[in-house]
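The values are calculated or read from the model by the stated rules, or taken from the named source; none is laboratory data. Keep in mind that this is a model prediction, so the values were computed, not measured. Please note: Cβ atoms are built from the backbone with ideal geometry, for glycine as well, and neighbour counts cover all protein chains shown.
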């Protein structure tokens with residue numbers, strides 16, 4: 001291959017490497033190592049075909065810079081943690097807004113189905129959540145403490161149990177994607193119908209406001225986590241049906257990594273939701289303004305971190321910089 005053809009063929013790629021070096025703090029060492037391997041292959045070819053030329057000198061200098069950058073970045077791994085939560089993860093969510101919208105829409109539809117089913121059939125809740133739970137709830141309502149269920153267990157035991165359950169439910173929503181989008185869709189429908197049925201049960205007793213005010217203290221974050229996990233499941237499920245230009249195997253591996261990363265991003269939500277349900281929701285007589293403050297702050301955080309900030313990164317063309325890092 002003539003040197004001019006070699007230059008023309010690879011100039012764009014090398015220019016991209018130079019841009020990455022300018023922002024190497026946003027890339028992990030493994031990614032830089034992949035670039036280094038590709039570049040050294042080009043360097044080896046230039047050394048054999050164009051020894052002593054400016055091309056060989058340029059590639060040698062660029063290889064040295066990437067090599068030094070790899071070791072520098074490895075010494076600053078702590079910065080990757082900050083970048084992951086502040087940029088990389090929001091950039092991933094920016095590319096999955098469609099899946100988030102689908103999951104949210106499906107969940108809302110399921111809630112409406114559950115609500116209407118309970119409204120027209122008072123025994124529907126017994127089919128969905130069981131006679132024992134319904135009987136307990138009705139007994140609590142008669143005693144004047146309709147949400148006493150949140151006061152029964154000890155706080156720490158409740159915290160670990162609820163946090164574990166939230167993790168389990170969200171991973172199930174994701175793993176059901178192995179059955180394609182229909183698997184995750186079924187899981188979302190089941191959870192949405194259950195919640196809608198639960199709220200309708202209280203509405204029929206004239207306690208809807210009280211149920212929303214108390215349950216959504218933790219439910220705002222907990223239900224959001226289920227929706228986001230459902231979106232991760234859709235990402236996994238779509239990889240089978242719509243592999244795009246990739247093979248189905250590569251599409252699945254890529255989707256599995258992205259979906260798992262989305263689930264990892266929910267870990268703080270699992271902990272906070274578990275804490276709120278165990279230590280705060282049980283305080284059913286707290287001032288109403290405090291309940292709504294917690295609910296609105298939770299909703300504001302979810303909206304900002306998973307929707308508004310990712311969309312901002314997308315509009316400012318910063319998602320490409322972090323999404324594959």
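Within the range 157-164, does at least one residue satisfy the condition of being in the same structural domain as residue 273 (by TED's automatic domain parsing) and under 18 Å from the mean Cα position of the chain (by Cα)? Yes. When 63, 95 are checked against the criterion of being closer than 26 Å to residue 263 by Cα, modelled with pLDDT of 70 or more and in contact with a helix residue (DSSP H, G or I) (Cβ under 7 Å, 6 or more places away or on another chain), 95 stands alone in meeting it.
Within the range 126-146, can you find the residues that are exposed (fewer than 11 other Cβ atoms within 10 Å of the Cβ) and on the phi > 0 side of the Ramachandran plot? Selection gives 144 alone.
Here is a yes/no grid of residues against (1) surrounded by fewer than 24 Cβ atoms within 10 Å (Cβ to Cβ); (2) not in a helix (DSSP H, G or I):
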| position | (1), (2) |
| --- | --- |
| 212 | yes, no |
| 218 | no, no |
| 221 | no, no |
| 237 | no, no |
| 240 | yes, no |
| 245 | yes, yes |
| 252 | yes, no |
| 255 | yes, no |
| 260 | yes, no |
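Kindly indicate whether residue 283 is under 21 Å from residue 158 (Cα atoms), without any contact (Cβ under 8 Å) to a residue 60 or more places away in the chain and part of a helix (DSSP H, G or I). So residue 283 does not fit the description; no.
Is it true that residue 174 is in the same structural domain as residue 266 (by TED's automatic domain parsing) and in contact (Cβ under 8 Å) with a residue 40 or more places away in the chain? Yes; evaluated as a whole, the condition is true for this residue. Between 86, 25, the distinction of being surrounded by fewer than 18 Cβ atoms within 10 Å (Cβ to Cβ), within 30 Å of residue 304 (Cα to Cα), modelled with pLDDT of 70 or more and under 26 Å from the mean Cα position of the chain (by Cα) belongs to 86 only. Name the residue, out of 153, 125, 103, that is modelled with pLDDT under 80, in contact with a helix residue (DSSP H, G or I) (Cβ under 8 Å, 6 or more places away or on another chain) and in the same structural domain as residue 197 (by TED's automatic domain parsing). That would be 153, the only listed residue that is modelled with pLDDT under 80, in contact with a helix residue (DSSP H, G or I) (Cβ under 8 Å, 6 or more places away or on another chain) and in the same structural domain as residue 197 (by TED's automatic domain parsing).
Out of all the residues in the range 301-315, is one or more at pLDDT below 90 and not in a helix (DSSP H, G or I)? No: the range 301-315 contains no residue that is at pLDDT below 90 and not in a helix (DSSP H, G or I).
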